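Accompanying notes for the structure given below.
The values are calculated or read from the model by the stated rules, or taken from the named source; none is laboratory data. Quick caveat: nothing in here was measured; it's all calculated off a predicted structure. Neighbour counts are summed over all protein chains in view; Cβ atoms, including those assigned to glycine, are modelled from backbone coordinates with ideal geometry.
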Amino acid sequence: MGRSMRGGSMTRLEKLRFRIQVTEVLRLLKARYKYSELSRLTGLPATVLSRYILGHVLPSYERAVELWHVLKKVVNIRNEIINRIKFDGNGFFDNTAIIYDPLVRTFVTTWIYEKLMGTRVNKVLTVAVDGVPLATTLSDKLGVPLVVAKKEKEVGVSDFWTVDLIRGSGHRETLYVPKHWLSKKDWIVIVDDVIRTGETQRALIELVDKVGARLSGLFILISVGNWQDKISIPDGCPVEVLVTLREPGQASRRSLRPS
């Protein structure tokens, strides 16, 4: 769905979707907490929470906003993510316990959705493969198409947008996107699970520019290392990183940067 211009007012559909998403987070939390515990944590009667969770009624937009801010305190999503990261001996980590978990994906994409409300978005762009689960969840929430840049051409597709991805070692790769999925009329949000050197995200931003489209935002789940100076972001475009870790060699001293 094409949405309002950046800085514009929120639409009724945006507000409705936000109400649904907050209810979805609440429903997923029910697997962890009893109604009595949720009532104590949120300050709402168990009977009201039950009506929300069972789908009998949606909270008002104002109530959903209040509830969302409470739930962000109940679930420390940054700690959830850090506790699930498993480092190997080389400073790399396994993030599958994060991107495969529906509660984490729902929570993170609701966080992104809240920041995008009032911003025009009609495509979600990511690169294969680990960014796909998060980007798919966000695409569903926004009700806009998902576009995945891949290192190989799709079979049966003849025309592609291409952009080169230059690794720090000087190795060159090419990313491909079917041409009919991106146009200069698009407002695109880029989502990825991890940013290290920034090379992949820089390539995606170059692709958006090459198409003549507009960048609506860049959202990253986990950041490692120094990449900020390697990416050029248009003025006014939001850039958000949820969790920042130290360099791989300092993995044992993990830290967070507030977003």
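Annotations for the structure displayed:
- Failed criterion for residue 140 (all others in (1) in a helix (DSSP H, G or I); (2) touching a Lys or Arg at 6+ places or on another chain (Cβ under 8 Å); (3) surrounded by fewer than 18 Cβ atoms within 10 Å (Cβ to Cβ) hold): (2)
- Any chance residue 161 is of a type in the set (Phe, Trp, Tyr) and either part of a helix (DSSP H, G or I) or not assigned by TED's automatic domain parsing to the domain that holds residue 241 (or both): no
- If the condition is being assigned to a helix (DSSP H, G or I) and either touching a Cys at 6+ places or on another chain (Cβ under 9 Å) or among the basic types (Lys, Arg) (or both), then region 33-50 contributes only 40.
- Residues in region 33-44 that are surrounded by fewer than 14 Cβ atoms within 10 Å (Cβ to Cβ) and under 17 Å from residue 69 (Cα atoms): 40, 43.
- Lone qualifier among 41, 125, 116 - being touching a helix residue (DSSP H, G or I) at 6+ places or on another chain (Cβ under 9 Å) and more than 23 Å from residue 149 (Cα to Cα): 41
- Positions within region 185-220 being without any contact (Cβ under 8 Å) to a residue 60 or more places away in the chain and within 13 Å of the chain's Cα centre (by Cα), in sequence order: 195, 218, 220
- Helices (runs of 4 or more DSSP H) enclosed by region 51-119 - at least 3 residues per element that are more than 21 Å from residue 137 (Cα to Cα): 61-74
- First in region 132-156 and more than 14 Å from residue 116 (Cβ to Cβ), second anywhere and of a type in the set (Gly, Ala, Ser) and not in a loop (DSSP other than H, G, I, E, B), Cβ under 7 Å, 6 or more apart: 145/139; 146/135; 146/139
- Looking only at region 10-32, residues that are surrounded by 16 or more Cβ atoms within 10 Å (Cβ to Cβ) and assigned to a loop (DSSP other than H, G, I, E, B) come to 1 in all.
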